[in-house]
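Okay, structure first, notes after.
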Amino acid sequence: MADFKKILINPKESVLSVLGNNYAQTFLATGSIGKGFAILSDKRVYFKGKCLYKTGKKYHSSNEERIVDLTDVTGSGFEHIVQNSALVWGIIVLILTLALVFWFNTLPISNIDTMRNWVLGIGLFFFAILLISYFANKRNLFKIDYAGGSIAFDLRFISKSEAETFNKALRNAKDNIKQ
């Protein structure tokens with residue numbers, strides 16, 4: 001196991017848990033920061049690497065190095081993000097496509113089948129793209145709130161069980177802070 005104490009400010013701190021263990025070990029071995037990881041000690045939470053931060057209702061990617069005292073941690077938990085706009089636009093495109101196809105059926109024009117098939121094909125293509133975008137952009141995040149902001153980790157790169165273990169350790173560490 002890697003020596004995570006090298007990252008800590010105070011050598012007397014104890015490492016309680018690591019979120020993104022593989023990324024943290026890679027950082028210790030190579031010195032390069034890739035995906036984000038967090039180290040929880042009995043006094044602080046250390047963040048390094050690619051993480052997400054929230055402004056308004058949207059998350060943005062950032063490469064961060066941040067240290068937060070445990071006393072400043074205000075909450076933690078899991079968040080599920082769904083981009084509903086892609087689904088809404090997909091349904092609108094599908095309805096408009098079907099309306100055009102039915103309208104074409106009422107026109108007394110020869111060779112209307114070709115035009116109708118083109119409209120149907122293009123409409124279904126865009127509907128499929130928007131539907132794929134909707135499902136591809138769903139995200140599960142583990143988020144830690146602290147005085148002054150929050151930081152999140154994408155659970156596509158870190159297992160949910162590892163995040164749950166880290167969350168429990170964080171909550172226990174908060175309970176054990178000597179006031």
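The values are calculated or read from the model by the stated rules, or taken from the named source; none is laboratory data. As the structure is a prediction and not an experimental result, all values here were calculated from the model. As a convention, Cβ positions derive from the backbone with ideal geometry for all residues, glycine included, and neighbour counts pool all protein chains shown.
In table form, for the structure just shown:
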item: Count of residues meeting criterion [over 20 Å from Asp69 (Cβ atoms) and of a type outside the set (S, T, N, Q)] in region 124-179; result: 24
item: For Val88: the one exception among (1) farther than 26 Å from Leu16 by Cα; (2) under 15 Å from the mean Cα position of the chain (by Cα); result: (2)
item: Residue match in region 134-146 (condition: modelled with pLDDT of 85 or more and farther than 18 Å from Phe78 by Cα); result: yes
item: Residue list for region 137-172, restricted to those being outside any strand (DSSP E or B) and under 15 Å from Ile39 (Cβ atoms); result: Ile158, Glu162, Ala163, Thr165, Phe166, Asn167, Ala169, Leu170
item: Breaking point among (1) at pLDDT below 90; (2) over 24 Å from Ala128 (Cβ atoms), for Trp103; result: (2)
item: Complete set of residues in region 143-160 that are among the aliphatic types (A, V, I, L, M) and within 16 Å of Lys174 (Cα to Cα); result: Ile144, Ala147
item: Any hit, region 63-76, residues being hydrophobic (A, V, I, L, M, F, W, C) and modelled with pLDDT under 80; result: no
